[in-house]
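The values are calculated or read from the model by the stated rules, or taken from the named source; none is laboratory data. Given the structure is predicted, the values throughout are model-derived calculations rather than measurements. Note that we place each Cβ from the backbone using ideal geometry, even for glycine, and neighbour counts take in every protein chain shown.
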Amino acid sequence: MGFLPSDESERSDAVLFAERLVFGPLLFQGVVSLRRRGVLQKLLRRGGEGATLETLLGELELSRYGLTVLLEAGLAAGVLQVDDEGVYRLARVGLLFERDPMTIANLDFVADVCYRAAAHLDASLDSGEARGLRELSDEENVYQALSTLPEPAKTSWFAFDHFYSDRAFKDLVPRLSARAPKQVLDVGANTGRFACALLAADERVRVTLADLPNQLAVARRELEERGLSARAHFHPIDLLSPELSLPEGFDVIWMSQLLCCFGEEDVLRILRAAARALGPGGELWIVDTFWDRQKQRAAAVTLMGTSLYFTTVANGRGRMYDSATMLRLAQEAGLSVKSVEDSLGLGHSCIVCGSAR
């Protein structure tokens, strides 16, 4: 009853990889169901003992047919193993779907935010608009829709975003505090997580949050709930405005996981606005995950895949950039690159720039 015992000897790795890609959408949904219906959790609790189909049928609310096709999907996807006695166990990959927070955050994000939208990829490429967003909202882009996204997409989107950003902030807030800035401008403040982290860590600093009005409302509530709003100011701004200008007089302008949300022309315009706003000694901190600076190939694959989310869901123009492109755009914008530090958080890099004037 072993599963394809001579698979690797009879087929090349390329064919196996190609077929898993071809059936990937179906196998992915099979893995989602295995997790959300509790099959993976049941097998995890049994450890090396495993469980047969009959045992699992007695513990789960699934028909014999339903459980059979899901278990077979798990075998095909490589998340399950079965021995000659019909005992199923979690493969090493399967363990990640129950124990690894990053894999879980990515799975829920793709399943709840990206999956149906992905069918609109060609339409998004042709139009330059995120046509897949219509599966979730009638807003023009996902940033205008965040506060009203339906569940479970809303929860999965924020869990995905915060999973990566929070870990970067843990490394970066102490570095920024060490510079003793008095005034920080947080451009693209989102839900205010960075502002909360910095204000809580440094009682001397004041933070101005700049974002769309609906996002600032979310951030304001977050800071008020934590008792940090007294040292926070809120500056409504549309970063897509052709007349974009940023307020001046800040020691640091902070852009975390922001510029990936825009196409190159918009990134250049935003960086030029930052260059104009920087005063003597002021610094721009660009924090993002660049696929060419990842230590693990899996991280680069994740980032390149995330680019298609920007194409189909976010706004049709953003992508996860390589650092060479971002450094070139910074220089074209009139900025001088002072330093680049990698391996922060979960694969984040921090590019610190000053004005080239």
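Phe158 passes every criterion in (1) closer than 22 Å to Thr289 by Cβ; (2) in the same structural domain as Ser256 (by TED's automatic domain parsing) apart from (2).
Residues that are closer than 25 Å to Glu341 by Cβ, touching a residue at least 12 places away in the same chain (Cβ under 8 Å) and surrounded by fewer than 16 Cβ atoms within 10 Å (Cβ to Cβ): does region 201-223 have at least one? So far as region 201-223 goes, yes, one or more of its residues are closer than 25 Å to Glu341 by Cβ, touching a residue at least 12 places away in the same chain (Cβ under 8 Å) and surrounded by fewer than 16 Cβ atoms within 10 Å (Cβ to Cβ).
Residue count for region 147-199 under the criterion of being more than 17 Å from Asp108 (Cβ to Cβ) and not basic (Lys, Arg): the result is 29.
The rows are residues; the columns are (1) touching a Ser or Thr at 6+ places or on another chain (Cβ under 8 Å); (2) free of Cβ contacts under 8 Å to residues at least 12 places away in the same chain; (3) on the phi < 0 side of the Ramachandran plot.
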| site | (1), (2), (3) |
| --- | --- |
| Asp122 | no, yes, yes |
| Ser127 | no, no, yes |
| Arg131 | yes, no, yes |
| Pro174 | no, no, yes |
| Val187 | no, no, yes |
| Gly192 | no, no, no |
| Leu198 | yes, no, yes |
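Of the residues screened, Val218 is one that is touching a Ser or Thr at 6+ places or on another chain (Cβ under 7 Å), over 20 Å from Lys170 (Cα atoms) and among the hydrophobic types (A, V, I, L, M, F, W, C). Of all residues in region 136-167, count the ones that are more than 14 Å from Asn315 (Cβ to Cβ), in contact (Cβ under 8 Å) with a residue 60 or more places away in the chain, over 13 Å from the mean Cα position of the chain (by Cα) and buried (at least 18 other Cβ atoms within 10 Å of the Cβ). Qualifying residue count, region 136-167: 0. Applying a threshold of 7 Å to beta carbon distances and a minimum spacing of six or more residues, or different chains, the list of pairs starting in region 41-64 at a residue that is within 17 Å of Gly94 (Cβ to Cβ) and ending at one that is polar (S, T, N, Q) reads Leu53/Thr68. Output yes when any residue across region 330-347 is closer than 30 Å to Ala119 by Cβ, touching a residue at least 24 places away in the same chain (Cβ under 8 Å) and not in a strand (DSSP E or B), and no when none is. Among the residues of region 330-347, at least one is closer than 30 Å to Ala119 by Cβ, touching a residue at least 24 places away in the same chain (Cβ under 8 Å) and not in a strand (DSSP E or B), which makes the answer yes.
For region 298-328, a residue qualifies if it is part of a helix (DSSP H, G or I) and more than 18 Å from Leu107 (Cα to Cα), and the qualifying residues are Thr311, Ser323, Ala324, Thr325, Met326, Leu327, Arg328.
Results for (1) among the hydroxyl-bearing types (Ser, Thr, Tyr); (2) surrounded by fewer than 20 Cβ atoms within 10 Å (Cβ to Cβ); (3) in contact with a Cys (Cβ under 9 Å, 6 or more places away or on another chain), shown as yes or no for each residue.
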site: Arg269; (1), (2), (3): no, yes, no
site: Arg272; (1), (2), (3): no, yes, no
site: Ala275; (1), (2), (3): no, no, yes
site: Leu284; (1), (2), (3): no, no, yes
site: Asp288; (1), (2), (3): no, no, yes
site: Thr312; (1), (2), (3): yes, no, yes
site: Arg317; (1), (2), (3): no, no, yes
site: Leu327; (1), (2), (3): no, yes, no
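The single condition among (1) modelled with pLDDT under 95; (2) over 22 Å from Gly347 (Cβ atoms); (3) assigned by TED's automatic domain parsing to the domain that holds Cys261 that Lys170 does not meet is (2). When region 1-35 is limited to residues that are at pLDDT 85 or above and basic (Lys, Arg), the one that is nearest to the chain's Cα centre (by Cα) turns out to be Arg35. None of Leu95, Leu107 is surrounded by 19 or more Cβ atoms within 10 Å (Cβ to Cβ), in a helix (DSSP H, G or I) and on the phi < 0 side of the Ramachandran plot except Leu107. Every test in (1) in the same structural domain as Cys196 (by TED's automatic domain parsing); (2) closer than 30 Å to Ser137 by Cα; (3) touching a residue at least 12 places away in the same chain (Cβ under 8 Å) is passed by Thr306 save one, and that test is (1). Across region 329-356, the qualifying residues are those that are of a type in the set (S, T, N, Q) and buried (at least 18 other Cβ atoms within 10 Å of the Cβ), and the one among them that is nearest to Ala273 (Cα to Cα) is Ser355.
If I filter region 131-142 for residues that are in a helix (DSSP H, G or I) and under 30 Å from Leu199 (Cα atoms), do I get at least one hit?
yes
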